[in-house]
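Just so you know, all these numbers are worked out from the coordinates, no wet-lab data involved. As the structure is a prediction and not an experimental result, all values here were calculated from the model. Ideal geometry is used to build each Cβ from the backbone, glycine not excepted, and the neighbour counts take in all protein chains shown.
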Amino acid sequence: AQSVTQLDSHVSVSEGTPVLLRCNYSSSYSPSLFWYVQHPNKGLQLLLKYTSAATLVKGINGFEAEFKKSETSFHLTKPSAHMSDAAEYFCVVSEDTGGFKTIFGAGTRLFVKA
Amino acid sequence: GAVVSQHPSRVICKSGTSVKIECRSLDFQATTMFWYRQFPKQSLMLMATSNEGSKATYEQGVEKDKFLINHASLTLSTLTVTSAHPEDSSFYICSARWQDTEAFFGQGTRLTVV
């Protein structure tokens with residue numbers, strides 16, 4: 001069975017400092033992993049995705065994530081936070097087991113202080 | 001990336017009435033569409049999966065007679081909330097995918113039942 005755990009419900013950083021949003025997953029198959037961002041009252045925007053190619057994935061807006069199979073992790077990072085990064089971030093695991101299934105993590109709210 | 005359009009973005013309806021939400025894939029044919037519900041400050045919960053031309057598959061606990069899903073064409077799926085009540089007020093989001101590609105999300109619909 002697949003599952004996704006976002007280890008922090010809230011993360012607060014100062015503008016210009018690094019961002020780390022943690023995600024662990026479990027999957028019986030070779031999963032695809034995604035990070036989405038949601039700004040208040042808006043839909044979801046894809047930041048990046050891993051689909052069994054390079055383990056270090058670069059996304060939009062300076063974000064990147066590294067797939068570590070041994071640790072079953074897919075943490076999201078950014079070297080320098082910007083005020084506009086304040087939003088909700090979702091880690092998502094997807095696997096095709098005959099019936100396509102997508103599971104969302106509970107989300108991490110990122111706060112960026114000036 | 002591909003575009004999924006959801007309409008309306010916001011709707012307010014009276015208790016007991018029905019509301020229809022549309023999800024359209026604008027530049028690709030969606031073999032599968034997903035409907036999610038998001039409660040305030042919570043993650044997205046998958047409600048149902050629909051494949052074009054067949055009946056939707058509902059997740060456990062989702063009332064199929066309450067949330068009618070139609071996927072009549074490769075570019076359109078609709079979610080009808082029948083006899084809406086205040087507890088149905090929520091943020092509903094659709095996503096669409098072509099075969100085994102990633103899913104693209106609509107902007108969401110904020111439903112308020114008064």
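Per-structure values
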| read-out | value |
| --- | --- |
| GNM top mover of B:Ser89, B:Ser25, B:Ser77 - chain B, alpha-carbon springs below 10 Å | B:Ser89 |
| Loop-resident sites, segment B:41-99, for GluC sites (Glu not before Pro), counting at most 16 other Cβ within 10 Å (DSSP) | B:Glu52, B:Glu59, B:Glu63 |
| Long pairs among B:Lys14/B:Lys66; A:Lys49/B:Lys41; A:Lys58/A:Lys101; A:Lys49/A:Lys101; A:Lys49/A:Lys78; A:Lys78/A:Lys113, criterion Cα-Cα beyond 20 Å | A:Lys49/B:Lys41; A:Lys58/A:Lys101 |
| DSSP beta bridge pairing in the protein assembly as shown, given as percent antiparallel to the nearest 5 | 90 |
| Dipole of the protein assembly as shown [Lys/Arg +1, Asp/Glu -1 at C-beta], most positive-end residue of B:His7, A:Gln2, A:Thr72 | B:His7 |
| Inter-part distance where segment B:100-114 and segment B:21-50 are each reduced to a Cα centre, Å | 5 |
| Charge dipole magnitude, Cβ of K and R +1, D and E -1 - the protein assembly as shown, Cα centre, debye nearest 20 | 360 |
